[in-house]
Each structure stands twice: as structure tokens, then as C-alpha cells.
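Note sheet for the following structure.
The values are calculated or read from the model by the stated rules, or taken from the named source; none is laboratory data. Since this is a predicted model, take the numbers as computed values, not measurements. Note: ideal-geometry Cβ built from the backbone for every residue, glycine included; neighbour counts use all protein chains shown.
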Amino acid sequence: MNALLETHIDLPLFARGKVRDTYELSDDRLLMVATDRISAFDYVLPTGIPDRGRVLTQLSVFWFQRTAQLQENHLLQPGEDGRSMIVRRAQRIDFECVVRGYLAGSAWAEYRKQGTMAGEPLPPGLRQSEKLPEPIFTPATKAETGHDENITFGRMADQIGSELAESARDASLRLYLAAVEHAERSGLILADTKFEFGLIDGRLVLIDEALTPDSSRYWDAATYEVGSSPESFDKQFVRDWLAESGWDRESPPPELPDEIVEQTRRRYLTAYERLVGEPLLAPAAP
Ligand SMILES: Nc1ncnc2c1ncn2[C@@H]1O[C@H](COP(=O)(O)OP(=O)(O)OP(=O)(O)O)[C@@H](O)[C@H]1O
Ligand SMILES: [Mg+2]
């Protein structure tokens, strides 16, 4: 089974990100292709994960179509290859719009240290992975290099204006709540997720990917337990293996063993199947 690591399409390149190769179709349309590249600890690894790009694109398409009435998004047309999307080009708002319903990741770290989340106080005594009294919007800056920084809503509002910041926050919360409900019916907990928005003709539009295992923390509801860190449906195997591998995180990262590739691939396919309710179809023959 082959992983697609890089595309070479005869169109002007708009951006080559960690995962997606994006091309310019016209002044107002982009072709976004999700490759099978995978990153961990901010490095793109030399080994790809077959089917990963198709899962990311087709899950995004699933969610864009499902939530279009709740919030306008950039999808114009899914590509026939199952890994690309034709989208409307937007002026990106350079913030990650994160919504958290459970205490995990960097939010758990902040709470443990100082009892707050995105700078706002939370009730005392909450435990790791515990459900929050209500979902909270916790924006982060989109750093060009290195780690994104969690900021307060007030700082986001200062930079882009309260009206736009409030619209992005309200849209994020609406989308999260709708997705939580669907995930629940699939036996999954959507612990948190990250959205990106842009402006098209002055309107707020959801862009990038939506509610994929890369942008979201999904947990299996059946094995979820407060007080520990549940496995998420993403690159956990890869991160764990890399952490154990002796790699120094400064030199180029090592190739992944076949077994880790396969376990990770399964994880993405399972997330797709659980959420969409049917297996990912094999790519159409060329
Ligand atoms: N409709 C859109 N209009 C303009 N830019 C978009 C649109 N949708 C997504 N993007 C941008 O295209 C890029 C997608 O590439 P990819 O997801 O691989 O990047 P990334 O490694 O996550 O990088 P970044 O940190 O910039 O998000 C992102 O920079 C994303 O913000
Ligand atoms: Mg991205």
C-alpha cells in the first residue's frame, strides 16, 4: 500500500503545509489536496500513512455538508479522487478557534498550574479529562513557526475587533455543539476541536478542515474515564513510538515501522467509519 507524500499538479502553488498541498485554480478558488503526510512534534515525518489524506478530506466534506445550514463554509466541490476539495479562497483570520468541552491537553496543563482556562477561572477540583460545566471558546494564535499560543478572548477581540471575534466564537460553539451530538450517537466523545475561519466578501466563512481527528480530540465513549488521559483517534501511536524511539527531536525524524503505520491507518479509518456510519470507499480506479 502506498502513501502519497507530495503532489505535483500543474497549477500555481498556493501553499505546501504540513499535510495539504494547495493550488490556485483562479483568483477566488483553491484546490486543496490532503496528502498522506503526517507530522508529530512539529516535524513532517519521512513516512506517510496510507488513506490518511482521504480520511481527512472525506471527513471534512462530511462535516461541511452536515453543518452548512449552521455556518457557511468554503467547500465548493469535493474532488473525484477522494482526497481533494475545490474551495473558495478566503482572507484567513489568523486565529485558531478552539472549543473545549472537556479538560485535556494544554487546557488541562493550564488548569493544573493555575486553575484557569484561557485565562478565565474554572471551578476548583476538576480532574483530568473531566467534562466542563459548559463548552468554552479558547482561541490561540496561528504561529508561522513553532507552537501556537493560547490567548484570552479579550486579546483576540483587541486584534480583530469584538464583532468579528464574537461571530467566530459563536459559530465555533454552535458547530461544536452540533458535532458533539452527532459524535455521541457514534459512541464518541468530541472532547475539543479547532476551527479556522476566513472572510469572503465581508462574511465569516469556515475554512480549512473541519472536525477531523487532526483538528479534534475524539474519545471512545465506552472506555472514557475521568482522571486519566483517554486514547484519541489520531496519531497517538506515532507520538508514543517517537517518544520511545530515542529520537532527539532536533535531527530529522526517523522512518516509522510498518506496524505503527498500520495501527495509525486503522485508527483514522475507524474514526471515519464510526462518524460517517460506513467504511471509507477505495479510491476510484484512474
Ligand atoms: N479557503 C481558504 N482560503 C485561504 N486559505 C485557506 C483556506 N482553507 C485553508 N487555508 C489555509 O491553507 C493551509 C492548509 O494547509 P495545511 O493544513 O497543510 O497547513 P498547516 O501545516 O496546518 O499550516 P498552518 O499552520 O498554516 O495551518 C493552511 O494554512 C490554512 O490556513
Ligand atoms: Mg492545517
Requested in this report: Quickly run through segment 181-204 and pick out the residues that are away from ligand 2 (no atom under 16 Å from the Cβ), touching a residue at least 24 places away in the same chain (Cβ under 8 Å) and farther than 14 Å from Val98 by Cα.
Outcome: His182, Ala183, Glu184, Ser186, Gly187, Leu188, Ile189, Leu199, Ile200, Arg203, Leu204
Query raised in the report: Going through segment 240-269 one residue at a time, which ones are buried (at least 18 other Cβ atoms within 10 Å of the Cβ) and hydroxyl-bearing (Ser, Thr, Tyr)?
Result: Thr264, Tyr268
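Just the residues that are acidic (Asp, Glu) and in a loop (DSSP other than H, G, I, E, B), please, taken from segment 19-74. Please lay out each step first, then the result.
Filtering segment 19-74 down to residues acidic (Asp, Glu) leaves 21, 24, 27-28, 36, 42, 51, 72.
If the condition is that a residue be acidic (Asp, Glu) and in a loop (DSSP other than H, G, I, E, B), then Asp27, Asp28, Asp36, Asp42, Asp51, Glu72 are the ones that fit.
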Report task. Only residues that are over 13 Å from Ala210 (Cβ atoms), in contact with a helix residue (DSSP H, G or I) (Cβ under 7 Å, 6 or more places away or on another chain) and polar (S, T, N, Q): list them for segment 18-70, please. Result -> Thr35, Thr47
Query raised in the report: Could you say which residue among Ala34, Ala15, Ala40 is closer than 30 Å to Gln263 by Cα, loosely packed, with under 15 Cβ neighbours inside 10 Å and either within 16 Å of ligand 2 (Cβ to nearest atom) or at pLDDT 95 or above (or both)?
Result: Ala15
Report task. Identify, from the list Ser26, Ser60, the residue that is away from ligand 2 (no atom under 13 Å from the Cβ), under 25 Å from Asp201 (Cα atoms) and among the small types (Gly, Ala, Ser). Result -> Ser26
Requested in this report: Filter segment 94-136 for residues that are free of Cβ contacts under 8 Å to residues at least 40 places away in the same chain, surrounded by fewer than 19 Cβ atoms within 10 Å (Cβ to Cβ) and among the small types (Gly, Ala, Ser) and give the result.
Outcome: Ala109, Gly115, Gly119, Gly125
Query raised in the report: Of these, Gly161, Gly119, Gly146, which one is within 16 Å of ligand 1 (Cβ to nearest atom) and either modelled with pLDDT under 95 or farther than 20 Å from Leu211 by Cβ (or both)?
Result: Gly146
